[in-house]
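One structure is given here, and the rest of the page talks about it.
Please treat every number below as a calculation from the coordinates, not as lab data. Source: prediction; values computed, not measured. Neighbour counts are summed over all protein chains in view; Cβ atoms, including those assigned to glycine, are modelled from backbone coordinates with ideal geometry.
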Amino acid sequence: MDLPKGAPELDVLQREGVVFLLRKGLDSIAAIEGPDGMEVDLVDDVIAVHPGGALLKLFIDAPALEFAEDAAREVVAELLERTEPLADWEITRCGVDLHPELLQESLDAADGPDAPPADPAERARRHAAAEPSGGTGRVDEAADAEDMRRTLRALATSLRAFPIEAFGHSDDEEERIVSREAAEVAAGALVYAIDLLVDELFTDLAGLEEDGPTVAETDAPFMILDELPPQFGLQYTVLFVRRLTVTAVTMTGRLTQPDFGRPSCLAEELLLKFLVAQAEATADLYELLSDEVETALQVFAEGVSEDMDHEWLYAPVVDGNGNGIGNGTVQDWFIPFDDDERYVHPYAANGDSADEDLD
């Protein structure tokens, strides 16, 4: 969903307000009436608001994909219509994905002369050769992609800490890995992803405050916390998420300053990983994630990371009974790599588990 054309971008407080309005509206919906009175269940949702609009992911239980897509579009349209501050917003893209397990069942059952070829290249060739159905939608998608391309390239200059050379571009043809355009799209996507990352952390924090006390002790879905190493789930408390959010704000702020330096602690390395993933998802959403853009983001990630120590966090230590346990504590994630040169925000660096009593 996008803001009305010509509307100014949302600031932080406005984005929080949009999350509240969407959450309030969705919480009032239990099911959607589909074709011929068929009931389509709204199982869960994820809301992410950015300066130019919102990404809304609905989990729907429907007998067919077309019913799911029609139901999703209908419920979002009705939600916008009856929420006065959002009434002029536009639904710019609506797609539906089959649950991975159901998709595999469908693929396993597919057979016969009309089944798609197993070779991905052949499937891609057939798809490219197919006549477009509903040309207007394709033109709109192409226009959206071009608008986003221009937006991201303009945002690239905001990443003051890293020139486009950090994304693999060089004026020297022999040293050049990607084109200037690909490097600028990648850099702009990284800037664009900052708001998404911080907003998702605030949303996760609000969810944990409501459903906690820890991630391991709730079945609620999270956007960032669910991507953290799972064996530390009992340590992902409200205080931890506050420290992580403050660290994210501090780190992403340095990206727009002349000197970023290096990641200050393990928490920053993890957040950088999530930021790059969010940038990839943004480019992919608008069909801008070409091989060159993906390579540009990989070059940046490899160049900025201190090392790959954060990946070891995902490998659990096994105790004597064969049970996976966390390696160390999340308190260690906020310890500066070098006390003399690395900066960690005092709120994150001085966190104490005893402070949980204040929540």
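Identify all lysines with a Cα-Cα distance to residue 24 below 16 Å; exclude those on the same chain that are fewer than 8 residues away in sequence. List returned: 57.
Computed from label points 7 Å out along Cα-Cβ, the spacing between residue 210 and residue 41 is 2.0 nm.
Dipole size of segment 143-358 about its Cα centre, with +1 on Lys/Arg Cβ and -1 on Asp/Glu Cβ: approximately 420 debye, rounded to the nearest 20. Summarising the amide proton neighbourhood of residue 55: residues at separation of 5 or more, or on other chains, whose placed amide H is nearer than 5 Å comprise 48, 49, 50. Based on the reciprocal of the average 1/r between different C-alpha atoms, the Kirkwood radius for segment 143-358 equals 18.3 Å.
Each residue, residue 170 and residue 284, gets one label point 7 Å from its Cα in the Cβ direction; the gap between the two is 3.0 nm.
Between residue 347 and residue 90, what's the calculated FRET efficiency when r is the beta-carbon distance and R0 is 30 Å? Round to 0.05. FRET efficiency, residue 347 to residue 90: 0.20. Label-to-label distance for residue 227 and residue 177 is 2.0 nm, based on points extended 7 Å past Cα in the beta-carbon direction.
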